[in-house]
């Protein structure tokens, strides 16, 4: 569910940038991007309906590539019930195509599940984030980019991308070895699992379980 909360946050912020849209203003120095109370509705890649709402999106000056975002919320209808996410404010950097949420992010889902986190960073250049896993030491975050066929490696403390490991088609589930030495990444479209060395960030070998692999777990 924690992974779902982060993915939903990505949908909210990416959608916000799209639905707000730039609105040129005559006074270029004071404001070049401004939108108030934008709302949109749609469906995600799994056909689940969602709605996005933003109180405002404002760029203070054309000399600054930063868009300030305020009063953001998202609602998505999952198979187990609705989920809602709220964030007070954030910043979109148009040069790096990254969104940084400043302060708390609250996520609520069916069954009474609640998650509160803060200071979330999202890279909008990732085409379609799918699964997310922290390494055992908490130093890195691994994210599968479903459409690009890549494993995105992020520095958890700095919240910056380290590199992208090229993999096969439709990369999905991630399983990390308990000692943090390797990551097993499901290449669903190729019916294989890539074994990635987390020290060199290279593919060591591939396993062929067949049948479109996805979620994985250690056996007892």
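Descriptive notes on the structure:
- Test for residue 217: is it in contact (Cβ under 8 Å) with a residue 40 or more places away in the chain, over 30 Å from residue 93 (Cα atoms) and not in a loop (DSSP other than H, G, I, E, B): no
- Residue in the range 90-99 that is modelled with pLDDT under 85 and farther than 20 Å from residue 59 by Cα present: no
- When restricted to residues that are over 21 Å from residue 161 (Cα atoms) and surrounded by fewer than 17 Cβ atoms within 10 Å (Cβ to Cβ), the range 87-100 contains 2.
- Within the range 165-181, the residues that satisfy the criterion of being loosely packed, with under 15 Cβ neighbours inside 10 Å and within 16 Å of residue 144 (Cβ to Cβ) are 166, 169.
- Residues that are loosely packed, with under 12 Cβ neighbours inside 10 Å and closer than 26 Å to residue 68 by Cα, drawn from the range 101-117: 103, 116
- Residues of the range 183-197 satisfying the condition of being touching a strand residue (DSSP E or B) at 6+ places or on another chain (Cβ under 7 Å) and more than 12 Å from residue 134 (Cα to Cα): 184, 185, 186, 187, 188, 192, 193, 194, 195, 196, 197
- Strands (runs of 3 or more DSSP E) within the range 49-167 that include 2 or more residues touching a residue at least 24 places away in the same chain (Cβ under 8 Å) and touching a helix residue (DSSP H, G or I) at 6+ places or on another chain (Cβ under 8 Å): 49-59, 66-78, 81-93, 98-109, 113-118, 129-134
- Those residues of the range 200-210 which are in a loop (DSSP other than H, G, I, E, B) and either at pLDDT 85 or above or surrounded by 11 or more Cβ atoms within 10 Å (Cβ to Cβ) (or both), in sequence order: 200, 201, 208, 209
The values are calculated or read from the model by the stated rules, or taken from the named source; none is laboratory data. Owing to the predicted nature of the structure, the values given are computational and were not obtained by experimental measurement. Note that we place each Cβ from the backbone using ideal geometry, even for glycine, and neighbour counts take in every protein chain shown.
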